[in-house]
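For reference, the structure is listed below as structure tokens.
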Amino acid sequence: MEHFQNDDLEYVVDDFYDFDDFEHDDPFAGPEFLRRTTDFDSDFEDDFESNTLKTDTSAMEARNGKDIQGIPWERLNFTRNKYRETRLKQYKNYESIGGSSEGLEKECLQVEKGNAFYAFQFNTRLVKSTIVHFQLRNLLWATSKHDVYLMQNYSVMHWSSLLRKGKEVLNVAKPIVPSVERPGLLSEQLSRVQISTMAVKENLMVAGGFQGELICKHLNQPGVAFSTKLTTDDNAITNVVDVYRCPGGAMRVLAANNDAQIRMFDAETFSSLNCFAFDWSVNNTSVSPDGKLLAVLGDSVECLIAEAQSGKVTGTLKGHLDYSFASAWHPDGNILATGNQDTTCRLWDLRNLSKSLAILKGRMGAIRALKFTSDGRFLAMAEPADFVHVFDTESGYIKCQEIDFFGETAGISFSPDTESLFVGVADHTYGSLLEFNRRRHNQYLDSIL
């Protein structure tokens, strides 16, 4: 992945929005999309309920005409549709290999848009997603339909969609000292960590940092269980972390870094179990549902399939035209989705890797995040900004819902029961957490909420 200095602690978001091109009715009324900010020392002593709840949007308000993000389009000299049109024309997708997204349209699956598998439920700006690297967008995880974890500057936040309250779980600006000494482990005290990626599974929160840090915290216990620097390499950023169970049932922590290595840890003792080296920076890795295979993606047009136990490469996926940053396994373990800066997601059948099963196209940018529902019915595909696409797998990925908003995508997550989809939006003014609920046939509550 691209390496750059981030010493000034600015949370990096490419500012593609420029409202100066439009004339405002009120110079103080215009949205401040994606302004960079340096007020990162969080202070969550303030009562969340003291914030004006008018900044939030409910399903009923949206049905009555309020913008789901609370953007006051009626106070601007341009409509939402006009700005969307301009945005699509002016957006420049980031490519590591020039021209990688050209001429792909004819190869991509022709989908039926306009479906509504998940209906808008709520948007809150009481918690605001932030990102630290423009290519990494795995900073939001839902552990239930009522519990969401996300990054807000230096704070790992928990949002309760039931209580509609936010709470700080961990502040990584302060010194991080493991609460338990673990003899023989290279545990380190850390501070002012810029979280670049995270995962939350089975009550364990794992976060990776911009300088190669790894932090592990049990959500039901105070303090931090383990923290360390994975590498002293100058190009050390932790690109992705994962938590999974190996075939024997033991829980493992996985971390991939820009130093071209994937490291494996025991999730109970945090002892190092293995380290696999590759020929290029590993931007993303994910483990198959049975815990036996690794998808390995990075600064290469090819993606790899490797044995999780040994790191031995058993397959090569050829078809993408740029570097890859996202992957997700269908729960049946046969289908792997990979997301690339060539603006496509490719679907691969592990039983025949000679070519991709299908190619799904984004609207305007790279594919930065992918998630399947736990029942395998839907695949969510996130672009760097503005669009999340939800595909119905039972239709052969033909039927699609397009979720349209304004802002950088910090992360996407389905709840484990598939009932909710959460989208983190990173923006200085309209940064928020969007919640969508799965639509069911004859769902009475849909008509009254």
Problem - Matching option when the condition is within 21 Å of Ile215 (Cβ to Cβ), touching a helix residue (DSSP H, G or I) at 6+ places or on another chain (Cβ under 9 Å) and open to solvent by less than 10 Å² (accessible area, probe 1.4 Å), among Val172, Val156, Val132, Val127 - result: Val127
Problem - Filtered residues of region 367-400 (kept if under 30 Å from Ser96 (Cα atoms) and touching a Pro at 6+ places or on another chain (Cβ under 6 Å)) - result: Arg368
Practice task
Kindly establish whether Gly333 is assigned to a loop (DSSP other than H, G, I, E, B), closer than 24 Å to Thr393 by Cβ and open to solvent by 10 Å² or more (accessible area, probe 1.4 Å).
Solution key: yes
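Rundown of residues vs (1) touching a strand residue (DSSP E or B) at 6+ places or on another chain (Cβ under 8 Å); (2) farther than 19 Å from His428 by Cα; (3) of a type in the set (Asp, Glu); (4) at pLDDT below 95, yes/no style:
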| residue | (1), (2), (3), (4) |
| --- | --- |
| Leu140 | yes, no, no, no |
| Met151 | yes, no, no, no |
| His158 | yes, yes, no, no |
| Lys167 | yes, yes, no, no |
| Pro175 | yes, yes, no, yes |
| Leu185 | yes, yes, no, yes |
| Gln189 | yes, yes, no, yes |
| Ile195 | yes, no, no, no |
Practice task
Those residues that are surrounded by 21 or more Cβ atoms within 10 Å (Cβ to Cβ), among the aliphatic types (A, V, I, L, M) and in a strand (DSSP E or B), I need them from region 305-327; list them, please.
Solution key: Leu317, Ala326
Practice task
Please go through region 194-229 and pick out each residue that is over 10 Å from Asp242 (Cα atoms) and β-branched (Val, Ile, Thr).
Solution key: Ile195, Ile215, Val224, Thr228
Exercise for the section: Considering every residue within region 398-406, establish whether at least one is open to solvent by less than 10 Å² (accessible area, probe 1.4 Å) and more than 18 Å from the chain's Cα centre (by Cα). Expected result: yes
Exercise for the section: State yes or no: is Phe276 open to solvent by less than 20 Å² (accessible area, probe 1.4 Å) and part of a loop (DSSP other than H, G, I, E, B)? Expected result: no
Fill in the blank from the handout: When every residue in region 188-229 that is of a type in the set (Gly, Ala, Ser) and in contact (Cβ under 8 Å) with a residue 60 or more places away in the chain is compared, the one surrounded by the most Cβ atoms within 10 Å (Cβ to Cβ) is Ser196
Problem - Test for Thr285: is it polar (S, T, N, Q), out of contact with any His (no Cβ under 8 Å at 6 or more places or on another chain) and not in a loop (DSSP other than H, G, I, E, B) - result: yes
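The values are calculated or read from the model by the stated rules, or taken from the named source; none is laboratory data. What you are looking at is a predicted structure, and each value in this text was computed from that prediction instead of being measured. Reconstructed Cβ throughout: ideal geometry from the backbone, glycine too, with neighbour counts over all protein chains shown. These area figures cover heavy atoms from the full protein model, side chains too; ligands, DNA and RNA do not enter into them. Shrake-Rupley method; radii C 1.70, N 1.55, O 1.52, S 1.80 Å.
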